[in-house]
1. Looking only at the stretch 155-180, count every residue that is touching a Pro at 6+ places or on another chain (Cβ under 9 Å) and assigned to a strand (DSSP E or B) and tell me the total.
2. Would you point out which residue out of ASP724, ASP734, ASP707 is of a type in the set (D, E, K, R), open to solvent by 20 Å² or more (accessible area, probe 1.4 Å), assigned to a strand (DSSP E or B) and at negative phi?
3. Residue pairs, Cβ under 7 Å, 6 or more apart or interchain, first in the stretch 42-60 and more than 13 Å from PHE735 (Cα to Cα), second among the aromatic types (Phe, Trp, Tyr) and open to solvent by 30 Å² or more (accessible area, probe 1.4 Å). List them.
4. Going by the conditions given, is ALA514 closer than 30 Å to TYR626 by Cβ, of a type in the set (A, V, I, L, M), open to solvent by 20 Å² or more (accessible area, probe 1.4 Å) and modelled with pLDDT under 95?
5. For the stretch 530-564, name all the residues that are over 21 Å from ASN600 (Cβ atoms), among the small types (Gly, Ala, Ser) and under 32 Å from the mean Cα position of the chain (by Cα).
6. Give all pairs with beta carbons closer than 6 Å in which a residue from the stretch 125-144 that is touching a residue at least 40 places away in the same chain (Cβ under 8 Å) and closer than 22 Å to TYR89 by Cα meets a residue that is buried (at least 16 other Cβ atoms within 10 Å of the Cβ) and among the aromatic types (Phe, Trp, Tyr); count only pairs at least 6 apart in sequence or on separate chains.
7. THR683 fails exactly one of the following numbered conditions: (1) of a type in the set (Val, Ile, Thr); (2) farther than 30 Å from ARG593 by Cβ; (3) in contact with a Ser or Thr (Cβ under 8 Å, 6 or more places away or on another chain). What is the number of that condition?
8. Between a first residue in the stretch 23-39 that is under 25 Å from ASP121 (Cβ atoms) and assigned to a strand (DSSP E or B) and a second residue that is open to solvent by less than 30 Å² (accessible area, probe 1.4 Å) and of a type in the set (Val, Ile, Thr), which pairs have beta carbons less than 7 Å apart while being 6 or more apart in sequence or on different chains?
Amino acid sequence: MYSTGAEQIDMSAPGLYVNMIPKDGGNTFHGVVYGDFIHKGWQASNLGPDLTAVGLTNVAQVYHISDFNPGIGGPIRKDKLWYFLAYRYEAIDQTVIDSYYDKNVSPFVYVPDPSRPGEDDGKIPNQSLRVTYQASNKDKLQGWFTNQNKYRSHYNISASRTPSATSLQNTPYAQATTVKWTRTQSNRLLIEGGFARGRTLYQELYQPSVSPSSDQATVESVTIYSITDIANGKVFKAYDNGYSGHGGDMQNGRLGATYVTGAHAVRVGVMLGHATSPSPNWYTGDITMTFNNAVPTSITKRIPSDQLNGYYPDLGIFGQDRWAFKRATVTAGLRYDYFVGNVLDGTLPASRWNPAQFFPGFRVQAWKDLSPRAGVAFDLFGDGKTALKWSIARYVAADGVSTSTANNPQNTVGRTDTLNWNDINHDYTIYNPDGSLQANELGPSTNRNFGKVIPSTNTQDPATLNGWNARGSSIEWQGVVQRQLTPRLSVTGDYYFRWKGNQLATDNTLTTGASYGRPFCITAPSSAQLPNSGGYQVCGLYDLNPSAVGQVQNNVTFARNFGGITDHYMGYDVTVNGRYGSGMIQGGLNAQRRDYNTCNAPILSGQTINQVDSPEAVFCHQTTPYRPDFKLLATQQLPWSLTISGTYQLGSGPMILATWAVPNSLIAPALGRNLSACPASGTCTATKSVQMIQPGTEYARYQNQLDLRLSKRIRVGRYTFRGDANLYNVFNSDFANSINTTFSTSASNQFMRPTAVLLSRLFKVGGQIEF
C-alpha cells in the first residue's frame with residue numbers, strides 16, 4: 001500500500017511512501033519465475049509527417065528489452081527458519097531519437113552520421129536474499145541483503161547529447177542490508193526495532209574513446225573537451241559533467257512501539273541515522289567549451305574536487321495517537337528532528353589552475369525542528385459509505401549531504417570561471433601545443449577568486465544552519481471526500497495545497513542593483529515559432545557593469561530577508577473504483593497548479609539559484625494552469641482462463657519555453673555598450689541568455705496512449721503457468737515527451753524539435769510460472 005497523508009509521523013520529509021510486504025518463505029517450498037521480452041522487428045514506426053516536418057530523421061527503435069526474475073523460498077528449519085532467494089536481470093538496447101555518432105574525426109567539430117544512431121544500452125543484475133527466524137512465539141527476526149551491479153554504456157544519452165558526450169555509468173556495488181526484530185508483547189502492544197545499511201558507488205566515467213581511465217592525471221591530460229552549442233542545445237565530444245563518483249555508506253537504526261486499546265492506537269519511536277559520502281569530480285583539460293553555431297564563444301575553467309561529506313546524527317523522535325470516537329477518528333502527532341551535517345577531512349586536488357590544499361573537517365549545520373501533524377476522518381451519515389477526511393502536516397526538507405556539500409571548502413573556493421573566447425587563430429582550442437594558455441583569446445575573468453585556494457567565494461548565513469526552524473520545510477493540507485455509490489462502485493475526490501518555508505537566496509555582497517546599470521530591451525526576431533510570430537519586445541533586461549565583473553562573494557541566506565519567495569503547489573484528484581461481474585475498472589483525473597513568485601528576490605535569467613542582486617525580473621511571477629491528466633485501467637475475465645486488460649492515459653504535453661542566446665551585436669545598440677563579458681578590444685562573441693516566452697502560457701499537445709494485454713492462465717498440478725501478450729501504444733502515437741527549448745536564428749536552430757518521443761507501437765511477450 002502507499003500513503004501521502006499526515007498519518008506517516010515516522011517520515012520526516014513529504015512524498016509518496018510505499019509499504020511493501022516482502023516474501024519470507026515458509027514451511028513449503030515455493031517459487032515464481034517471471035520474464036518478458038521484446039526483440040528487434042516487433043515494433044512499428046511512428047516517424048510521421050509531424051515529426052519529419054520539424055527535421056527528425058529517426059525515432060527510437062528497440063533492439064532488445066528483457067526482464068528475467070526468478071525467486072524461490074522455503075524452510076531451512078520447519079516452523080523456525082525460512083529463506084527467500086531472488087535474482088533479477090534487466091537489459092535494454094534501443095536507439096535514441098535524433099542522436100547520432102560523430103563521423104568527423106576532429107575533436108572540435110561534430111557531424112552526425114545518420115547511419116549510426118545512438119543507443120541507450122545497459123544491464124542491471126540484482127541478487128537478493130531474505131531470511132526469517134521465529135525465535136519464540138513472540139519474537140521474530142528478519143534479515144535481508146541485496147546487491148545490484150548496474151552498467152549503462154551511454155548514460156544520459158538524448159537528442160541533445162551525442163553518444164560521445166554521454167557517460168559510461170557503472171555501479172561496482174550497490175548493497176543494502178536490513179535486520180528487523182518484532183515482538184508481539186501482547187494483543188495490545190507491538191515492539192519493533194531494526195537496522196539498515198546501504199553501501200553504494202555510482203561512477204560516471206568518460207567514454208573510452210575520450211579517456212581510457214578515470215584516473216585524475218589521465219583525464220586532465222586528455223585534449224578532447226565537452227562542447228555545448230548554444231544555438232541548438234547539442235552537447236558533443238565529451239561528457240559535460242566530467243568524471244564523478246557518488247554514493248557512500250548510510251546507516252540507520254530504528255526502535256518503536258504501537259499500543260492499541262479500544263479507542264486509541266498510540267505509536268512512539270526513535271530513529272537514528274549516519275552517513276558518509278565521497279564525491280570526486282574532474283574534467284578533461286580542466287575545461288568545458290561553449291560554441292554558438294559551431295563558433296567558439298566561451299570556455300569555463302574548472303577546478304577538480306575530491307570531497308567527503310556526511311551527517312551524524314540524523315535523529316527523529318515521534319509520537320502519535322489515533323483516537324476513534326462516535327463517527328470520527330482523530331489523528332494527532334508530533335515529530336522532533338535533529339540533524340547535523342558535516343564536512344570531513346579532504347584535499348582539494350591540484351590542477352593547472354590551482355595547487356593542492358588540505359581542508360580539515362568541521363560541522364556545517366545543526367538543525368532542530370518540531371513538526372506537528374493532525375487529521376480527522378468523519379463518517380458523514382453513519383452508514384460507513386461517505387467519509388470526509390482532512391489533514392495538515394509540517395515536514396522538513398530532505399537533505400542528506402546537499403548542504404554540507406554546498407559548504408565544503410572545495411566548493412567555496414570558486415571552482416569555475418567562465419570567460420568570453422575569441423578564437424583568433426581558428427584552432428578551436430585555448431591551449432598551445434606545449435600546453436600553455438592562449439591568454440590573448442580570452443576575455444575578463446568572471447570570478448577573481450578563481451584558483452585562489454581560499455574559502456571565500458561562497459558562504460552561508462549561520463542563521464540558516466543552526467537552531468530551531470532554520471531547515472527548509474513545507475506545510476501541506478489535504479481534504480478528501482470518499483463515497484461508496486454501490487457495493488461495487490466508489491468515488492474519491494481530494495484537493496491538496498502545499499507551500500514551502502525557509503527558502504534560500506544567494507546574495508553577492510560585493511554587488512548591488514546599482515552594479516547592473518540601466519535596463520534595456522531586445523526585440524524578438526520574426527519567427528512563426530514565437531508568440532504572435534515574434535517582433536515583440538522583451539524589456540527589463542540588465543547586464544553587470546564591467547567594473548563589477550569578477551567581484552564574487554556569495555552569501556546564502558533566507559529569501560525573506562529580501563522580500564521572500566512564494567512557491568505554492570495545489571492540485572486535485574478524482575478517482576473512481578468499480579467492479580462489475582468478472583471485471584474491474586479504475587480511473588481518474590489529476591491536475592496540478594504552481595504559483596512561483598520571485599519578484600521580490602529575482603532570479604537571474606538562466607540561473608538555477610535564487611540571486612537577489614540583479615534587478616532583472618523578467619517573468620519572475622510564474623503561474624502554471626491546471627492541465628488535467630486522465631488515466632483509466634480496466635480488466636475483464638474471459639472464458640478459457642483468459643484475461644484482457646488495458647490502460648489508457650491522456651496526459652499533458654511539455655511546457656514550451658524559448659531560451660535565446662542573444663549575441664552582443666544585437667544587445668550593444670540597446671545597452672549602449674558591449675556586454676561586460678566582452679574583451680576590452682577585438683571581436684566579442686559573448687551572448688546573453690533571454691527567455692522569450694512567459695513560462696506556463698504555452699504547451700505542446702496532449703499524450704494519447706492505449707496499452708493492452710491478453711493473458712492466459714493454465715494450472716498443471718502444483719504449477720500455474722501464465723502467458724502474456726502485450727501491445728504497447730496501440731494508436732502508434734508520436735507524442736513528444738520533451739522538446740528542445742533552445743531558440744536560435746541560425747540555420748542549425750532546433751527549437752521545438754522533439755527530444756524524446758513515445759515509443760512506437762510494439763509487441764512484447766511475457767510469462768510467469770508459480771509452483
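1. Going through the stretch 155-180 one residue at a time, the tally reaches 1.
2. Numbers: ASP724 fails: open to solvent by 20 Å² or more (accessible area, probe 1.4 Å); ASP734 fails: assigned to a strand (DSSP E or B).
Being of a type in the set (D, E, K, R), open to solvent by 20 Å² or more (accessible area, probe 1.4 Å), assigned to a strand (DSSP E or B) and at negative phi holds for just one of ASP724, ASP734, ASP707, which is ASP707.
3. As it stands, the answer is TRP42/PHE763, since those pairs meet every condition given.
4. Details: closer than 30 Å to TYR626 by Cβ: no; of a type in the set (A, V, I, L, M): yes; open to solvent by 20 Å² or more (accessible area, probe 1.4 Å): yes; modelled with pLDDT under 95: yes.
No, not satisfied.
5. Result: GLY550, single match.
6. Every condition considered, the pairs that remain are ARG130/PHE84; ARG130/TRP144; VAL131/TYR83.
7. Answer for THR683: the failing condition is (3).
8. Correct list of pairs: ILE38/VAL62.
The values are calculated or read from the model by the stated rules, or taken from the named source; none is laboratory data. Everything numeric here is computed off the predicted structure, so don't read it as measured data. Virtual Cβ from ideal backbone geometry, glycine too; neighbours counted across all protein chains shown. Keep in mind that these areas ignore ligands, DNA and RNA; they rest on the heavy atoms of the full protein, side chains included. Shrake-Rupley method; radii C 1.70, N 1.55, O 1.52, S 1.80 Å.
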